[in-house]
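Enquirer: Take this structure first; my questions come after.
A short reminder: the numbers here are calculations on the coordinates, not readings from a lab. None of these values were measured; they are calculated from a predicted model. Reconstructed Cβ throughout: ideal geometry from the backbone, glycine too, with neighbour counts over all protein chains shown.
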Amino acid sequence: MPDNVDMKDLRILRELDQNPDLFLNKLAKKVQVSQQVVDYRVKNLVKRNIISKIIPMIDLSKLGFFLYRVHIRFRTISSERRREFEDYIFKNFKCFFIGAIGGKWDEYFDLFSENSQKFQDDLTIINEKFSDIIQEYDIMEITKIHLFNYKYLSRFVDEKVIMGSSIREKIDETDYKILSTIKNNSRSSYLDMGFKVKLSRNAVKERIKKMSAKGIIVGNRMFLNSKAMKKESYKLLLRMKSGTEAKEKLMRFVKNTEEVIYFLELLGKYDFDLEIEVDNREKLQEFIIKLRNNFNIIDYDLMPLFYDYGSDFFPIRE
């Protein structure tokens, strides 16, 4: 643990990792401090960027969207031109994640799209605008995302699954506004949300309840800053011997392995993408050896994750 995270901070992180919806009075009772103290400490954890955000998990496949991963290799590029590229992607497309990686590829981004043709059109626009810096790219479809809590904080295991649904739900313009309002902070009060979307707190609460029942909102999750937590982040792409039994065995493994934060099912050159957080390279090597000893891995690609430029679970502008 980081030196600037004491036992009370750690207990707060553990409780919010298990239940991000805890009201301050209940959180204070669990941590055994006053409500004023827990309020100050949570705000301080956010201020120090240890807690990056607490946000709802929104399943856009329920609204008819697909998700595509693009890996980019750049030609010689200045830091200013790279920032221009990242900023353009994040602000002008339905961008889920974009960040810098190492190894064969330099950058990755995930785009939501209504269909494969719309995605190809978006990619053509990007290629034409940045043809001077894009040397090569690779595409995969993300068919399902499994998000785990930070299992290294405690033995508690929570899994949230988004994407991959074939069921399409309809929501109206007001629901879109509510999702846009809460996407960056799920702990906002219903009163504050209602003020922003011009509804009563009860009307907002009822609409969120209905979207949760439909599986559009799949609970809330706390995100920690891996660097602030003294963790090294990596993406591990796997191509494995196919089969339901092998996949189920891998799912059990990643669910009960504390290093795995995300587990993505892919369609393309690789079958899976594991995002892992480890204390150091020795721990990384131990993880890879354990993985190779237990599974029939045909090929893999390990990429250090240097930084996330941006992320947005609801990059829809209606």
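Enquirer: For the range 201-238 and the range 268-314, what is the separation of their C-alpha centers, rounded to whole Å?
Expert: Here the two parts' Cα centres lie 21 Å apart.
Enquirer: Picking from 316, 54, 287, whose Cα lies most toward the positive end of the charge dipole for the chain (charges on Cβ: Lys, Arg +1; Asp, Glu -1)?
Expert: It is 54.
Enquirer: What's the extension gain from residue 81 to residue 239 if we count 0.36 nm per residue and subtract their Cα-Cα distance?
Expert: Once the chain is fully extended between residue 81 and residue 239, it gains 53.6 nm.
Enquirer: First measure r as the distance between the Cβ atoms of residue 279 and residue 29, then evaluate 1/(1 + (r/R0)^6) with R0 = 30 Å and state the FRET efficiency to the nearest 0.05. It would help to have the intermediate numbers written out before the result.
Expert: Details: r = 32 Å, r/R0 = 1.06.
Here the calculated transfer efficiency is 0.40.
Enquirer: Here's another thing I want to ask about it. If you place +1 on the Cβ of every Lys and Arg and -1 on the Cβ of every Asp and Glu, how big does the dipole about the Cα centre of the range 1-48 come out, in debye to the nearest 20? Write down the numbers at each step before the final one.
Expert: Numbers: 10 positive and 7 negative charges, 27 e Å.
Using only the charged Cβ atoms, the result is roughly 120 debye.
Enquirer: Where does each of 14, 81, 41 land when they are ranked from fewest to most other beta-carbon atoms within 10 angstrom? All intermediate terms of the calculation are to be shown ahead of the outcome.
Expert: Values: 14 17, 81 14, 41 20.
Fewest-to-most ranking of 14, 81, 41: 81, 14, 41.
Enquirer: Nearest 20 debye, what's the magnitude of the dipole of the range 176-251 about its Cα centre given +1 on Lys and Arg Cβ and -1 on Asp and Glu Cβ? The partial results should precede the final answer.
Expert: Numbers: 20 positive and 5 negative charges, 30 e Å.
Taking the Cα centre of the range 176-251 as origin, the dipole is about 140 debye.
Enquirer: In terms of modelled amide H atoms, which long-range or inter-chain residues lie less than 5 Å from the amide H of residue 310?
Expert: 98
Enquirer: Now, a different point. State the extension gain, in nm to one decimal, for the chain segment bounded by residue 73 and residue 191, taking 0.36 nm per residue of separation less the distance between their alpha-carbons.
Expert: Numbers: separation 118, 0.36 × 118 = 42.48 nm, distance 4.61 nm.
Taking residue 73 through residue 191 to full extension adds about 37.9 nm, to one decimal.
Enquirer: While we're on this one: Along the charge dipole of the range 1-48, pointing to its positive end and built from +1/-1 on Cβ of Lys, Arg, Asp and Glu, which listed residue (31, 10, 20) has its Cα farthest out?
Expert: Highest projection toward the positive end goes to 31.
Enquirer: How about the range 59-153: which GluC sites (Glu not before Pro) there lie in a loop by DSSP and see at most 12 other Cβ atoms within 10 Å? Walk me through the intermediate numbers first.
Expert: Details: sites: 80, 84, 86, 107, 114, 128, 136, 141; in loops: 114.
Counting only loop positions with at most 12 other Cβ atoms within 10 Å, the GluC sites (Glu not before Pro) in the range 59-153 are 114.
Enquirer: Counting other Cβ atoms within 10 Å, keep those with at most 13, restrict to DSSP loop, and tell me which trypsin sites (Lys or Arg not before Pro) in the range 250-312 are left. Walk me through the numbers on the way to the answer.
Expert: On the way: sites: 252, 255, 269, 281, 283, 290, 292; in loops: 269.
Those satisfying the criteria are 269.
Enquirer: Near the amide H of residue 272, under 5 Å away, which other amide H atoms are found, from residues 5 or more places off or on another chain, if H is placed in the peptide plane?
Expert: Excluding prolines and chain starts, which carry no amide H, the hits are 238, 266.
Enquirer: Continuing with the same structure: Please list, in order along the range 39-49, the HN-Hα scalar couplings obtained from phi with the Karplus expression 6.51 cos²θ - 1.76 cosθ + 1.60 (θ = phi - 60°), rounded to whole Hz, x for Gly and Pro.
Expert: Whole-Hz 3J(HN,Hα) from phi for the range 39-49: 4, 4, 5, 4, 4, 5, 5, 6, 4, 7, 6.
Enquirer: Right, another one. Counting other beta carbons within 10 Å of each residue's own, what order do 140, 229 fall into, fewest first? Can you show the working numbers first?
Expert: On the way: 140 20, 229 17.
Fewest to most other Cβ atoms nearby, the residues stand as 229, 140.
Enquirer: Oh, and also: Say each of residue 115 and residue 306 gets a label point 7 Å from the Cα, pointing the same way as Cα to Cβ; how far apart are those two points in nm?
Expert: Rounded to a tenth, the inter-label distance reads 3.8 nm.
Enquirer: So if I place +1 on the C-beta of Lys and Arg and -1 on the C-beta of Asp and Glu, and nothing else carries charge, what would the dipole magnitude of the range 170-213 be about its Cα centre? I want it in debye, nearest 20. Walk me through the numbers on the way to the answer.
Expert: Working: 11 positive and 5 negative charges, 21 e Å.
Rounded to the nearest 20 debye, it is 100 debye.
Enquirer: Roughly how compact is the chain, stated as its Cα Rg over 2.2 N^0.38 Å to two decimals? Walk me through the intermediate numbers first.
Expert: Values: Rg = 20.2 Å, N = 318, 2.2 N^0.38 = 19.6 Å.
For the chain, the normalised Cα radius of gyration comes out at 1.03.
Enquirer: Right, another one. In whole Hz and in residue order, list the ³J(HN,Hα) couplings for the range 77-91 that follow from phi through the Karplus curve 6.51 cos²θ - 1.76 cosθ + 1.60, θ = phi - 60°; x for Gly and Pro.
Expert: Running phi through 6.51 cos²θ - 1.76 cosθ + 1.60 with θ = phi - 60° gives 8, 7, 5, 5, 5, 5, 4, 4, 4, 4, 5, 5, 4, 5, 8 Hz.
Enquirer: From zero outward in steps of 10 Å, how is the percent of C-alpha pairs of the range 170-213 spread across the bins?
Expert: Final binned percentages: 31, 65, 5.
Enquirer: Restricting attention to the range 1-92, which chymotrypsin sites (Phe, Trp or Tyr not before Pro) occupy a DSSP loop and are surrounded by at most 13 other Cβ atoms within 10 Å? Numbers along the way, then the final one.
Expert: Details: sites: 23, 40, 65, 66, 68, 74, 85, 88, 90; in loops: 23, 65.
Of the chymotrypsin sites (Phe, Trp or Tyr not before Pro), the ones in loops of the range 1-92 whose Cβ has at most 13 other Cβ atoms within 10 Å are 23.
Enquirer: For the chain, build the charge dipole from Cβ charges (+1 Lys, Arg; -1 Asp, Glu) around the Cα centre, then report which of 307, 237, 218 sits farthest towards its positive end.
Expert: Positive-most Cα among the choices belongs to 218.
Enquirer: Check which residues have an amide H placed less than 5 Å from residue 52's amide H, if you skip close sequence neighbours.
Expert: Long-range HN contacts for residue 52: 223, 224, 225.
Enquirer: In this model, which of 26/205; 43/205; 231/255; 129/283; 43/230; 62/283 are farther than 29 Å apart at the alpha-carbon? Let's see the in-between values first.
Expert: On the way: 26/205 20 Å; 43/205 24 Å; 231/255 19 Å; 129/283 41 Å; 43/230 20 Å; 62/283 38 Å.
Cα-Cα > 29 Å for 129/283; 62/283; rest within.
Enquirer: Cut-off under 18 Å on the C-alpha distance; same-chain residues fewer than 8 positions from residue 8 excluded. Which aspartates and glutamates are left, in chain and number order?
Expert: 17, 39
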